[in-house]
Amino acid sequence: MSERSEVAAPEPATAKKDWKHTDVGSVFVSNYPPYSFWSEDRVPEVIEMLNASYPASLETPLGLYLHIPFCRKRCKFCYFRVYTDKNSAEIQAYLSALGDEVEMYSELPRISERSLKFVYFGGGTPSYISVRHLKALVERLQRAMPWDEAEEVAFECEPGTLSQSKLEAVKEAGITRLSLGVENLNDDILRENGRAHLSKEVFAVVPWTRALEFEQVNVDLIAGMVGETWESWRSTVQKTVDLDPDSVTVYQMELPFNTVYSKRILTEGGGPVPVADWETKREWHHYAIEWFTQAGYEISSAYTVVKKGRPNKFVYRDALWRSSDMIGTGVASFSHMGGLHFQNVTSWDAYIGALGAGQLPLNRAFATTRQERLTREMILQLKLGKISTDYFQEKFGVDILEAYGPTYHRLQDDGMLTFDKNGVNLTRKGLLRVDQLLPEFYDPKYRNARYT
Ligand code: SF4
């Protein structure tokens, strides 16, 4: 975990949320239209698109996402497709399939002549795999799709899986952006929520990342883990400031379906899961933003603050939110290319089996309309806290304030946003609940639908 990698386990039913209590159900918006509308019968369109040559005049940036689905243990709030029981031979088999998949993509007409703008190792826990496995994987990937010229190569880490020598191998692989899944710095909270690491491992790792001079180190936090109090949250924020990362990402705790906590809540007699209500989580998030701002950080999105004067780009996020092409490889991974969304098969056997048979492991797809592409980019870019009307006028020939006028004005009336000559600015009130607002821009047929 994860700067919200797009690899989630499926959600079984639509939840009606009251936006007061933290109920079971997905809130975070990572894509549009919702995944539940993607289907197997659109997969042939993906194959056709991948086999057609790429019109060079398009100049769409290309990225590669690699899903490494292994973790030391499953966090009780985790909804990602991860495995905690695979041995070294099984990991080797998976990484070999991943290499096969990347090689297959590299030979397709839509991709073969293009270079990568960004690479993202997500999970799961990319830092879980051994140095030997990492080196072999990187060598093979680099041969198929070199990333020497990429603007960013990001790598997610669980602090307890890192050693100095592993970080050296990560650095040698050309990683520019490390993201440390810290989540909290209170050991009781880390234990209660099933994290595999404790705070001392975070404090050990950060100096190594400095000594190795990674371009950018991000720390992930979650506001509202089970057991959180004002006192513990203040302490976590202060200790994070002291660690002095280049950027900090703060998410508000959710309870998507298929987490240990959600299953407990939904099981009769399973017992309560005391997650703070949304208002409290927003207060904690707001407190963190204020404190980081005082410590020299500035807001870069609804979730991320970046230290002034340090490298502050986040190519993966910006590419995703501007509809760049991205090949998502690995079990259950999501891709988008040429206006098509597609996802890989979601089981281990199906993934390894498809690649063993020399086929791309595709599972379901969705062909977007121009209107849906516009909505998608607009709602994702709203997460930046401001959007430019000119951008959408130039790219889609649409005045978004006219096309989505009633929704924008309703949100303005509710104090969620303001307008200026460039476009739309979210207020802090809007920024802190942005994922709850975005479905208001959805086409009615996608509202209140199952998300995954
Ligand atoms: S570290 Fe925890 S939250 Fe992150 S992917 Fe693994 S189990 Fe999920």
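Identify, please: which residue in segment 196-252 is part of a helix (DSSP H, G or I) and of a type in the set (Asp, Glu) and is, among those, surrounded by the fewest Cβ atoms within 10 Å (Cβ to Cβ)?
So in segment 196-252, the residues part of a helix (DSSP H, G or I) come out as 199-211, 230-243.
Next, from what is left, pick out any that are of a type in the set (Asp, Glu): 201, 231, 242.
Numbers: Glu201: 17, Glu231: 9, Asp242: 11.
The selected residue is Glu231.
Any residue at all in segment 133-154 that's within 16 Å of the ligand (Cβ to nearest atom), touching a helix residue (DSSP H, G or I) at 6+ places or on another chain (Cβ under 6 Å) and closer than 22 Å to Phe70 by Cβ? Steps first, please.
Of all residues in segment 133-154, those within 16 Å of the ligand (Cβ to nearest atom) come to 154.
So of that shortlist, the ones also touching a helix residue (DSSP H, G or I) at 6+ places or on another chain (Cβ under 6 Å) come out as 154.
Pick out the ones that are also closer than 22 Å to Phe70 by Cβ and you get 154.
Scanning segment 133-154 turns up at least one residue that is within 16 Å of the ligand (Cβ to nearest atom), touching a helix residue (DSSP H, G or I) at 6+ places or on another chain (Cβ under 6 Å) and closer than 22 Å to Phe70 by Cβ.
Tell me whether segment 30-44 contains one or more residues that are closer than 16 Å to Thr346 by Cα, modelled with pLDDT of 95 or more and of a type in the set (Val, Ile, Thr).
Within segment 30-44 (the criterion being closer than 16 Å to Thr346 by Cα, modelled with pLDDT of 95 or more and of a type in the set (Val, Ile, Thr)), the answer is yes, since at least one residue qualifies.
Just for segment 59-98: of the residues that are hydrophobic (A, V, I, L, M, F, W, C) and more than 15 Å from the ligand (Cβ to nearest atom), which one is surrounded by the fewest Cβ atoms within 10 Å (Cβ to Cβ)? It would help to see each step written out before you state the result.
In the first step, residues of segment 59-98 are kept if they are hydrophobic (A, V, I, L, M, F, W, C); the result is 62, 64, 66, 68, 70-71, 75, 77-78, 80, 82, 89, 91, 93, 95, 97-98.
Next cut, more than 15 Å from the ligand (Cβ to nearest atom) only: 62, 64, 89, 93, 95, 97-98.
Working: Leu62: 20, Leu64: 26, Ala89: 8, Ala93: 16, Leu95: 21, Ala97: 21, Leu98: 24.
Per the criteria, the residue is Ala89.
Name every residue in segment 168-180 that is more than 16 Å from the ligand (Cβ to nearest atom) and crowded, with 22+ Cβ neighbours inside 10 Å, in order of residue number.
Start the filter on segment 168-180 by keeping residues that are more than 16 Å from the ligand (Cβ to nearest atom), which leaves 168-177.
Hits for segment 168-180 are Val170, Ile175, Arg177.
Residues in segment 319-359 that are more than 20 Å from Gly123 (Cα to Cα) and outside any strand (DSSP E or B): how many? Before you say what the answer is, go through the steps one by one.
Initial filter on segment 319-359 (more than 20 Å from Gly123 (Cα to Cα)): 322-324, 337-340, 353-354, 356-359.
Adding the requirement that they be outside any strand (DSSP E or B) leaves 322-324, 338-339, 353-354, 356-359.
Total satisfying the criteria: 11.
Under 8 Å between Cβ atoms, at least 6 apart or on separate chains: pull out the pairs that start in segment 194-212 with a residue that is among the hydrophobic types (A, V, I, L, M, F, W, C) and end on any residue that is part of a helix (DSSP H, G or I) and surrounded by fewer than 16 Cβ atoms within 10 Å (Cβ to Cβ).
Leu198/Asp187; Leu198/Arg191; Trp208/Gln164; Leu212/Glu168
Residue-wise test of (1) at pLDDT below 95; (2) under 23 Å from Ala223 (Cβ atoms).
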residue: Arg110; (1), (2): no, no
residue: Gly123; (1), (2): yes, yes
residue: Ser130; (1), (2): no, no
residue: Arg140; (1), (2): no, no
residue: Arg143; (1), (2): no, no
residue: Leu162; (1), (2): no, no
residue: Ala169; (1), (2): no, no
residue: Thr176; (1), (2): no, no
residue: Asn186; (1), (2): no, yes
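Residues in segment 364-382 that are surrounded by fewer than 20 Cβ atoms within 10 Å (Cβ to Cβ) and touching a strand residue (DSSP E or B) at 6+ places or on another chain (Cβ under 9 Å): how many?
Pass one, segment 364-382, residues surrounded by fewer than 20 Cβ atoms within 10 Å (Cβ to Cβ): 367-373.
Filter once more, so that each one left must be touching a strand residue (DSSP E or B) at 6+ places or on another chain (Cβ under 9 Å): 367-368, 372.
Number satisfying all stated conditions: 3.
List every residue pair whose Cβ atoms sit under 6 Å apart, with the two residues 6 or more apart in sequence or on different chains, where the first one lies in segment 128-155 and is surrounded by fewer than 16 Cβ atoms within 10 Å (Cβ to Cβ) and the second, anywhere, is not aliphatic (A, V, I, L, M).
Between residues of segment 128-155 that are surrounded by fewer than 16 Cβ atoms within 10 Å (Cβ to Cβ) and residues that are not aliphatic (A, V, I, L, M), the close pairs are Val131/Lys166; Glu149/Ser115.
I'd like the full set of residues that are in contact with a Gly (Cβ under 8 Å, 6 or more places away or on another chain) and away from the ligand (no atom under 13 Å from the Cβ), limited to segment 188-200.
Listed by number, the residues that qualify are Asp188, Ile189, Glu192, Leu198.
Out of curiosity, is Leu411 in contact with a strand residue (DSSP E or B) (Cβ under 6 Å, 6 or more places away or on another chain), touching a residue at least 60 places away in the same chain (Cβ under 8 Å) and under 24 Å from Ile289 (Cα atoms)?
Values: in contact with a strand residue (DSSP E or B) (Cβ under 6 Å, 6 or more places away or on another chain): yes; touching a residue at least 60 places away in the same chain (Cβ under 8 Å): no; under 24 Å from Ile289 (Cα atoms): yes.
The answer is no for Leu411.
Filter segment 392-435 down to residues that are small (Gly, Ala, Ser), in a helix (DSSP H, G or I) and surrounded by 13 or more Cβ atoms within 10 Å (Cβ to Cβ), then give me how many there are. Step through it out loud before you land on a result.
The first filter runs over segment 392-435 and keeps only residues small (Gly, Ala, Ser), leaving 397, 403, 405, 415, 423, 430.
If we keep only those that are in a helix (DSSP H, G or I) as well, we get 403, 405, 430.
Pick out the ones that are also surrounded by 13 or more Cβ atoms within 10 Å (Cβ to Cβ) and you get 403, 430.
Of the residues in segment 392-435, 2 are small (Gly, Ala, Ser), in a helix (DSSP H, G or I) and surrounded by 13 or more Cβ atoms within 10 Å (Cβ to Cβ).
Mind checking whether some residue in segment 263-277 is hydroxyl-bearing (Ser, Thr, Tyr) and at pLDDT 95 or above?
Looking only at segment 263-277, we keep the residues that are hydroxyl-bearing (Ser, Thr, Tyr), and these are 267.
From what is left, the residues that are at pLDDT 95 or above are none.
No: zero hits.
Being farther than 29 Å from Val305 by Cβ and polar (S, T, N, Q), is that true of even one residue in segment 411-418? Working first, answer last.
Of segment 411-418, the ones farther than 29 Å from Val305 by Cβ are none.
Among the residues of segment 411-418, not one is farther than 29 Å from Val305 by Cβ and polar (S, T, N, Q), which makes the answer no.
The values are calculated or read from the model by the stated rules, or taken from the named source; none is laboratory data. In this text, all values refer to a predicted model and were calculated from it rather than measured experimentally. Neighbour counts are summed over all protein chains in view; Cβ atoms, including those assigned to glycine, are modelled from backbone coordinates with ideal geometry.
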